[in-house]
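Q: Next up is a structure, given as structure tokens.
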Amino acid sequence: MIRINKYLSLCGVTSRRGADNLIAEGRVTLNDSTIEAKGVIIDETKDVVKVDGVEVKPVEEKVYLFLNKPGNAMTTLRDPFKRKTIMHYLKKLPHRVYPVGRLDFDTQGALLLTNDGDLAYRLAHPRYGVKKIYEALVTGHFKPDDAKQINAGIKLEDGATGRAEVVILGFVKNMTRIRLTLTEGRKREVKQLCKKVKHPVASLQRVEFAGIPLKDLKPGKWRYLTDKEINRLKNMVDLK
């Protein structure tokens, strides 16, 4: 017998604290019934636990990989509307892994996946200020004053303040290519910030996550992280 949040941690889905958040969001089921209380005790030898409709089981080996997520793919393990998900590109992977944070359906780029729940939770938590670098093609002539406004902070749809360091890379006809560095990564933050300064995003790619760049990794392809990269990520979030 074991508490559900500890079980989810052992399954590599997230940390114990992160498991409580998943339960509060109604994303965890026990024998196909949604769990509503955080302190539920389960029988790990008999009960079936699912997260977002996918059964989870304790991991035997921790794995860490880096995917160049193509556009038009959901950053989930399954989709009730049968849209393509990142699992389409991980079919040959012998382990079940979970994305660290999310990229929008139409956004391409760097996505870290792992079954190390504690690391995933910390990398996604704003407290640690993990850097995420995006390159966006936005409509119109993006000016230095627009960059200053985004850097100073702009109120988002959820009431929080979003901000990013912005570098103008160049101009293409009536479009501008910019690079944005964020440390919180709220939902649709880049798109919201650019829209607020009247330069909607036409295309978006995350080119680097937590200091790991895409480099020559092609869309839909993935690789395992090196031991050096894994250790650096753990040091970054004070995880021994």
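Q: Under the condition of being under 14 Å from GLU184 (Cβ atoms) and hydrophobic (A, V, I, L, M, F, W, C), which residue from the stretch 142-172 is surrounded by the fewest Cβ atoms within 10 Å (Cβ to Cβ)?
A: Ranking the candidates gives ALA160 first.
Q: Can you give me the number of residues within the stretch 194-240 that are assigned to a loop (DSSP other than H, G, I, E, B), polar (S, T, N, Q) and under 18 Å from GLY71 (Cα atoms)?
A: Start the filter on the stretch 194-240 by keeping residues that are assigned to a loop (DSSP other than H, G, I, E, B), which leaves 197-200, 210-211, 214-221, 225-226, 237-240.
Those left that are additionally polar (S, T, N, Q): 226.
Keeping just the survivors that are under 18 Å from GLY71 (Cα atoms) gives none.
Total meeting the criteria: 0.
Q: Separate question: Kindly indicate the residue of the stretch 104-126 that is hydrophobic (A, V, I, L, M, F, W, C) and in contact with a helix residue (DSSP H, G or I) (Cβ under 9 Å, 6 or more places away or on another chain) and also surrounded by the fewest Cβ atoms within 10 Å (Cβ to Cβ) among those meeting that condition.
A: As a first pass, look at the stretch 104-126 and keep what is hydrophobic (A, V, I, L, M, F, W, C): 105, 110-113, 119-120, 123-124.
This time we only want the ones that are in contact with a helix residue (DSSP H, G or I) (Cβ under 9 Å, 6 or more places away or on another chain), so: 111-113, 119-120, 123-124.
Values: LEU111: 24, LEU112: 24, LEU113: 24, LEU119: 22, ALA120: 25, LEU123: 21, ALA124: 19.
Only one residue tops the list, namely ALA124.
Q: What's the total number of residues in the stretch 66-91 that are within 13 Å of the chain's Cα centre (by Cα) and closer than 16 Å to LEU214 by Cα?
A: 4
Q: Here is a further query. Any residue in the stretch 203-221 that's in contact (Cβ under 8 Å) with a residue 24 or more places away in the chain: show its pairings with residues that are assigned to a strand (DSSP E or B) and loosely packed, with under 14 Cβ neighbours inside 10 Å at Cβ separation under 9 Å, as long as the two are six or more apart or on different chains.
A: Note: pairs meeting the criteria are VAL207/PRO213; LEU217/ARG223.
Q: I need the full set of residues from the stretch 1-55 which are in a loop (DSSP other than H, G, I, E, B), closer than 19 Å to LEU112 by Cβ and either among the hydroxyl-bearing types (Ser, Thr, Tyr) or in contact with a His (Cβ under 6 Å, 6 or more places away or on another chain) (or both), in order please. Walk me through how you get there before you give the answer.
A: Just the residues of the stretch 1-55 that are in a loop (DSSP other than H, G, I, E, B), to begin with: 1, 11-15, 25-27, 31-32, 35-40, 43-48, 52-53.
In the following step, the residues that additionally are closer than 19 Å to LEU112 by Cβ were identified as 11-15, 52.
Passing the criteria: THR14, SER15.
Q: Still on this structure, please answer the following. Kindly check whether there is at least one residue in the stretch 73-90 that is in a loop (DSSP other than H, G, I, E, B) and under 30 Å from ASN174 (Cβ atoms).
A: yes
Q: State whether the residues of the stretch 78-88 include one that is within 20 Å of ASN21 (Cβ to Cβ), buried (at least 18 other Cβ atoms within 10 Å of the Cβ) and not assigned by TED's automatic domain parsing to the domain that holds THR183.
A: Restricting attention to the stretch 78-88, the residues satisfying the condition of being within 20 Å of ASN21 (Cβ to Cβ) are 78.
Now drop any that are not buried (at least 18 other Cβ atoms within 10 Å of the Cβ), which leaves none.
Checked against the condition, which is being within 20 Å of ASN21 (Cβ to Cβ), buried (at least 18 other Cβ atoms within 10 Å of the Cβ) and not assigned by TED's automatic domain parsing to the domain that holds THR183, the stretch 78-88 yields no hits at all.
Q: Among the residues of the stretch 103-118, is there at least one that is in the same structural domain as LEU225 (by TED's automatic domain parsing), in a helix (DSSP H, G or I) and in contact with a Ser or Thr (Cβ under 8 Å, 6 or more places away or on another chain)? Break it down stepwise before answering.
A: Residues of the stretch 103-118 that are in the same structural domain as LEU225 (by TED's automatic domain parsing), as a first pass: 103-118.
Next, only the ones that are in a helix (DSSP H, G or I) stay: 117-118.
Then keep just the ones that are in contact with a Ser or Thr (Cβ under 8 Å, 6 or more places away or on another chain); that gives 117-118.
Yes, that holds for at least one residue.
Q: Considering each of LYS6, LYS62, LYS69, LYS92 in turn, give the residue that is over 22 Å from LEU225 (Cβ atoms) and among the basic types (Lys, Arg).
A: Values: LYS62 fails: over 22 Å from LEU225 (Cβ atoms); LYS69 fails: over 22 Å from LEU225 (Cβ atoms); LYS92 fails: over 22 Å from LEU225 (Cβ atoms).
Checking each option against the conditions leaves just LYS6.
Q: Search the stretch 181-224 for residues being among the basic types (Lys, Arg) and under 14 Å from GLY109 (Cα atoms), and hand back the single one that is surrounded by the fewest Cβ atoms within 10 Å (Cβ to Cβ). Talk me through it step by step, then tell me what you get.
A: At the first step, the residues of the stretch 181-224 found to be among the basic types (Lys, Arg) are 186-188, 191, 195-196, 198, 206, 215, 218, 221, 223.
Subsequent filtering for residues that are under 14 Å from GLY109 (Cα atoms) retains 206, 215, 218, 221, 223.
Working: ARG206: 25, LYS215: 11, LYS218: 9, LYS221: 13, ARG223: 11.
The qualifying residue surrounded by the fewest Cβ atoms within 10 Å (Cβ to Cβ) is LYS218.
Q: In this structure, does VAL166 turn out to be outside any loop (DSSP other than H, G, I, E, B) and within 21 Å of ARG206 (Cα to Cα)?
A: Details: outside any loop (DSSP other than H, G, I, E, B): yes; within 21 Å of ARG206 (Cα to Cα): yes.
It is true that VAL166 is outside any loop (DSSP other than H, G, I, E, B) and within 21 Å of ARG206 (Cα to Cα).
Q: Continuing with this model, one more query. Output the number of residues of the stretch 56-72 satisfying the condition of being within 27 Å of LYS218 (Cα to Cα) and either in a strand (DSSP E or B) or of a type outside the set (Lys, Arg) (or both). Even if it seems obvious, please write down each step before you answer.
A: Here is the first cut: in the stretch 56-72, the residues within 27 Å of LYS218 (Cα to Cα) are 61-72.
Cutting the leftovers down to either in a strand (DSSP E or B) or of a type outside the set (Lys, Arg) (or both) gives us 61, 63-72.
Residues in the stretch 56-72 being within 27 Å of LYS218 (Cα to Cα) and either in a strand (DSSP E or B) or of a type outside the set (Lys, Arg) (or both): 11 in total.
The values are calculated or read from the model by the stated rules, or taken from the named source; none is laboratory data. Note that the coordinates shown come from a computational prediction; the quantities given were computed from them, not determined experimentally. Backbone-built Cβ (ideal geometry, glycine too); neighbour counts: all protein chains shown.
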